[in-house]
1. Please go through segment 481-509 and pick out each residue that is assigned to a loop (DSSP other than H, G, I, E, B) and out of contact with any Lys or Arg (no Cβ under 6 Å at 6 or more places or on another chain).
2. If you check Leu353, Leu386, Leu359, which single one turns out to be under 18 Å from Ser308 (Cβ atoms) and not in a loop (DSSP other than H, G, I, E, B)?
3. How many residues are free of Cβ contacts under 8 Å to residues at least 12 places away in the same chain and not hydroxyl-bearing (Ser, Thr, Tyr) if we restrict to segment 476-500?
4. Can you give me the ranges of the strands (runs of 3 or more DSSP E) entirely in segment 260-301 with at least 2 residues that are among the hydroxyl-bearing types (Ser, Thr, Tyr) and farther than 18 Å from Lys333 by Cα?
5. Given the structure, is Val169 in contact (Cβ under 8 Å) with a residue 40 or more places away in the chain, surrounded by 14 or more Cβ atoms within 10 Å (Cβ to Cβ) and under 30 Å from Arg240 (Cα atoms)?
6. So which residues in segment 633-642 are loosely packed, with under 14 Cβ neighbours inside 10 Å and either in contact with a Pro (Cβ under 7 Å, 6 or more places away or on another chain) or farther than 30 Å from Leu578 by Cα (or both), if there are any at all?
7. Please indicate, with yes or no, whether at least one residue in segment 401-417 is part of a loop (DSSP other than H, G, I, E, B), at pLDDT below 85 and surrounded by fewer than 17 Cβ atoms within 10 Å (Cβ to Cβ).
8. Can you spot a residue in segment 74-86 that is modelled with pLDDT under 95 and either within 20 Å of Ile304 (Cα to Cα) or not assigned by TED's automatic domain parsing to the domain that holds Gly32 (or both)?
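The values are calculated or read from the model by the stated rules, or taken from the named source; none is laboratory data. Every value quoted in this text rests on a predicted model; they were computed, and no experiment measured them. Ideal geometry is used to build each Cβ from the backbone, glycine not excepted, and the neighbour counts take in all protein chains shown.
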Amino acid sequence: MAATGDIRNVVLLGHGGSGKTSLAEAILHKTGAVSRLGGVDDKTSVCDYYDEEKEHQHSILSALVHVEHAGKLINLIDTPGYPDFTGPAITSIPAAETAIVVISATAGIETNTRKMFQLARDANKPVIVVINKMAADNVDMGELVKTVQDTFGAQCRCANLPGGDKASVVDCIANDSGDSPLMDVGQAHTDLIESVIEADDALMERYLGGEEISADEVASVFVKALQSGTLMPIVFTEARQEVGVKELLDLIAKCSPSPAEATPTQLIDGETATELKADAGGPLAGLVFRVAFDPKSNMKYSAIRIFSGTLKSDTNLMHNDEKKGLRPGHILKEQGSEHGEIPAGVAGDIVTLAKVDELKVGDLVHDGRVAGKFTMPPVPAPMFSLALEPASRGDEQKIGGALEKLCEEDLCFRISRDAQTKELVANGLGELHLRVMLEKMESRFKLTVNTKEPKIPYRETITGKAEGHYRHKKQTGGAGQFGEVYLRVEPAERNSDPPLEFSWDIYGGTIPGQFEPAILKGVNDVMQSGVVAGYPLQDIKVSIYDGKHHPVDSKEVAFRAAGKGAFIDAVQKAKPALLEPIVDMEVTIPADNVGDITGDLSSKRGRVMGQEMLPGNFIVIKAQVPLAEVTQYTGQLKSVTGGRGSYSMALSHYEPVPPNVQQQIVAAHKKAQETE
């Protein structure tokens, strides 16, 4: 069991195909943690152990491994890189002190590379940049380094350089001489040292005064330089040949911060923030950052980063603000799919608990001496949806349970029940995301579903002011029903939260206050079901200002119906409109395809917001496009670019749809109602 000061936690981030998993495998083999170098291509990877990961040959969930090097315990989190599977990568960032951003030398800085880098910096994580696949032919490494510095900042300095044979690296930290075809080693050494000592005012003053700074003095402020952001080391590797791997491990062990040196993590409890010190004797506080189910047994494993205290098998474990204690059971260390038991987990370490079903990603686990929540980085909203139907009758309940487990593993995969159609709807980040999740359900739980075309999450709103009135009167021989409501509606600010602003402006008791909740329920019924085309309403203010009641016949059911009818009446008069989701897109394509893609996006009612040149004659096009126009974009982009293009998207905002499009949507809704 390592001491807190001897632990290093790192997370591998970057675009899919950059070689993160291959780098993790090389680290495992180089340190002797495994006897055979695992590979993605031959499906022997320690990190990609799920059937779906082997089949698709890329990571789908984050994976945990650990090694020992130079007397340090290095916990390594390997994360997915493709945009459809960014959820597990994002939720892993808070668990590490250091982010290693991996870039493929052949592909350069790709869409998800930039996003993951920014998320790491937003979380105040020190960054090490790894340029992998350094032995590739026809790559201008000097231009790539310049692009890294232009994109991520001049603080990116080479900590090593490729040797002339591309089968070794030249150390730029200790050496101020040597040969590299990339650049002058002495100049690289000087640039690196200047960035390091910039973190210490006293050393910088001495350096500018012409004094020589010793290697020990430089080493003493290296961690500080990483943490302050004055330095982001660039390290070159060829993971499949294990070149540069030892040098990367040395950098992690000697120069990256331990949990004791890192900026303390905070727990937020209302307006109170509590710093968690990495003290094994302090109160227990840990973050659940990963949940996974064993592919064979479906046993639940919850990975926990311990920020304070010590977790033992007999700890009375609590989570969030729940008062009931949990039994942690065995304390485990994950090595891919393998789980070894350890005596305890101390502050700074990453451990795993099995069969504690109550734990979810983002949970605080503690011993009752702390309270609050961790600040988690935001995950993208799922923008693709499929309606699901059981392929076999009687599987509804089983499917619900299986989907719930998949949602726990990936926060970007969500399940909802459509209020109008009563359909079960799966929501994800893209076509591939949903397809893989359904593959998981079939392989793990032996359940299959039929799917329908994605449903675009339109919204309805109003563009004008209006008044509505409805009288509900029903006589059934016995006690009757009576309720009458007058109300006003007007537009609220776009994208309001909550979507309805409700006010009770009744004076003189024309409607007793006891019926306010019933009227609000009626209004909310319409907010959910819509008026124009069956989509939820948003951005509306409603004021209940008059009405009538009957001392005997007025009941909640009557005023719920009256509120619903009056609200429909008002909305129909208030120039209702449909809103459609607009997504931010980043499309990475060969430069030769720019004209085709920009023209295509414009034809889809898209707005091109800018372009950015990338190494290798690639260009990133940034655009805003209606989601309805790009639900099948994967196939279109592949066709136009010959499979060389990629894209990512995230919800930006909602906008009114053009009148002709609204007419088509309303007509389709009416036709569906007639069919039913």
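1. Quick first cut of segment 481-509, residues assigned to a loop (DSSP other than H, G, I, E, B) only: 492-499, 505-509.
Residues satisfying the conditions are Glu493, Arg494, Asn495, Ser496, Asp497, Pro498, Pro499, Asp505, Ile506, Tyr507, Gly508, Gly509.
2. Details: Leu386 fails: under 18 Å from Ser308 (Cβ atoms); Leu359 fails: not in a loop (DSSP other than H, G, I, E, B).
That would be Leu353, the only listed residue that is under 18 Å from Ser308 (Cβ atoms) and not in a loop (DSSP other than H, G, I, E, B).
3. Here is the first cut: in segment 476-500, the ones free of Cβ contacts under 8 Å to residues at least 12 places away in the same chain are 476-478, 497-498.
Applying the additional criterion that residues be not hydroxyl-bearing (Ser, Thr, Tyr) yields 477-478, 497-498.
Counting residues in segment 476-500 that are free of Cβ contacts under 8 Å to residues at least 12 places away in the same chain and not hydroxyl-bearing (Ser, Thr, Tyr) gives 4.
4. Working: elements: 265-269, 272-276, 285-293.
Filter on segment 260-301 gives 272-276.
5. Against the criterion (in contact (Cβ under 8 Å) with a residue 40 or more places away in the chain, surrounded by 14 or more Cβ atoms within 10 Å (Cβ to Cβ) and under 30 Å from Arg240 (Cα atoms)), Val169 qualifies.
6. Lys638, Ser639, Gly642, listed by residue number.
7. Applying the first criterion (part of a loop (DSSP other than H, G, I, E, B)) to segment 401-417 yields 410-413.
Next, only the ones that are at pLDDT below 85 stay: none.
No, the conditions are met nowhere in segment 401-417.
8. The answer is yes; a qualifying residue exists.
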